[in-house]
Amino acid sequence: MLYSARLTDELVKAYDLQKEVTVCAARTAALPLLPPQGACRFHTDSYVRFLQQIATNGIDIVDEAANYALNSSVCFSETAWEYSQIYAGASVEGAGSVARGEADVAINWMGGQTHARRDGASGFSYVNDVVLAILSMLHTHERVMFVSTDAWHPSGVEEAFYTTDRVLCVSLHRHTEGFFPGSGGVDDRGHGAGTNHSINMPVSEGLDDDQITSLFVPVVAAAAERFQPSCVVYCAGAGVLSGDRLGCLNVTLEGYGRCLQAVLDIGRPLLVLGGCGFNQINTARAWCHATALICETEVAEELPPHDFVEYYLPESTLKVASIEMTNKNSAESIQATLDASMKAAEQIPARAAAATPPKAAAAAEGDTATGATPAASTDAEAKLISPGLTANEALLASPSFQPQAGNGADVPLDAASALEPAAKDSTDAPVPMETESEAAAAAPEAAPTPTAMEEEGAAPAEDL
């Protein structure tokens, strides 16, 4: 991913596209690293502590690694926590910028690590930046729509929001026997309040441009029309592209661009993330092409001279051609998936169009997910606006929340249990979120430590 991001950065500079965007460097005030308390908004404190200790205390905790690895593909490198802080911090800050109205579109090509769970890593995903970004948006926005076009199903994101109606997850991905992660069947549509708020479009190897367009574009448009999201998060994974030997799909930049345009046409504040892609050259081509499309800028097909132009030989062009391969998607199978997905979209409760908060008011609140203190937090009478969040979520979002090292207790809370569905009998206007002091007063007994979030006698959050 780092190499693909570097190639993309050089291509963007070569095409002079950096003049069309505001570039923010990591480890600066504009793009801070994700702090531990920010990661603990979704992940357990014991897992975050484990990631922090890998670099300095790896030998002593090597036996603990199996407790935090969901599958055998996980490899904990000594830079896992630092790497996670960079890409997750950028995603959360990008989410904050679009949620506050400071940008129409924010891009983080290193983001989109969708597989990490609350208490462990999965695949190559250590920290689930997508879940953290969505939680950040939900502080000021009623509903968020997550869309993914990648070869791999965003299992961690769907699982986190499977029981809430405030997040709609729409994914097109390869789904065959033995293919990672194995989730995302067409009948997986959510549970409880989240029923019909997960739409999966599973496909087989060989999917081409016409098929992805005929399937993805109408489903996204219909789902957005019913759900009326306040913000959108899009994982523009390059694993769908032709030439990716793990994705095994056959989509060119034309089909890839049509999917991105369908998401842009929703017309809501948008966070774009890179997701996966194991053909690094084609991934750089796709992300550069997407950057130009977002900026509404035409770029030449012939690559401009730059330090890495030889990497693209024998064809130094911004083109990903289809290849000769078996297409296991028949017209009948695509139509069946389309019918099922459109039916799921039609069953989403119709909402009124969501209003975007004024820029000034939203910007004044700040972004608590990054650990920054909002201006209102110093006023005892002021409240953050966050519709439908529980008292536990209020405490987790508080800048004063600090994981306690060494107490062995985890935050018994996942994203789904933190999000109660908004009241159906009221308007779509946001309702006040309880402050930390109000949450403590409402509980039968005060929690002994900041990590003991549940009221006495309450059942722990159920992992899906």
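Every read-out reported here was derived from the displayed coordinates using simple, explicitly stated rules and does not represent laboratory data. The structure displayed is predicted, hence computed values, not measured ones. Cβ: placed from backbone, ideal geometry, glycine included. Neighbour counts: every protein chain shown.
Below are the figures for this structure:
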{"quantity": "Exposure proxy ranking, count of Cβ atoms within 10 Å, fewest first, for E158, E177, E302", "calculated": "E177, E302, E158"}
{"quantity": "Rounded Å value of the spacing that divides the Cα centres of segment 82-140 and segment 284-338", "calculated": "25 Å"}
{"quantity": "Whether segment 157-275 is rounded, prolate or oblate, judged on the alpha carbon gyration tensor where a/c under 1.5 counts as rounded", "calculated": "oblate"}
{"quantity": "Radius, Kirkwood style, for segment 2-346 when every pair of distinct Cα atoms is counted (Å)", "calculated": "20.2 Å"}
{"quantity": "Cα gyration tensor, segment 98-172 - rounded (a/c under 1.5), prolate or oblate", "calculated": "prolate"}
{"quantity": "Backbone HN-Hα couplings from phi across segment 197-207 [Karplus 6.51/-1.76/1.60, Hz, Gly and Pro as x]", "calculated": "10, 10, 10, 10, 10, x, 10, 9, 4, x, 3"}
{"quantity": "For segment 181-228: rounded, prolate or oblate by the Cα gyration tensor [a/c cutoff 1.5]", "calculated": "oblate"}
{"quantity": "Rounded FRET efficiency, nearest 0.05, which uses the C-beta distance separating I59 from A300 and R0 of 56 Å", "calculated": "0.60"}
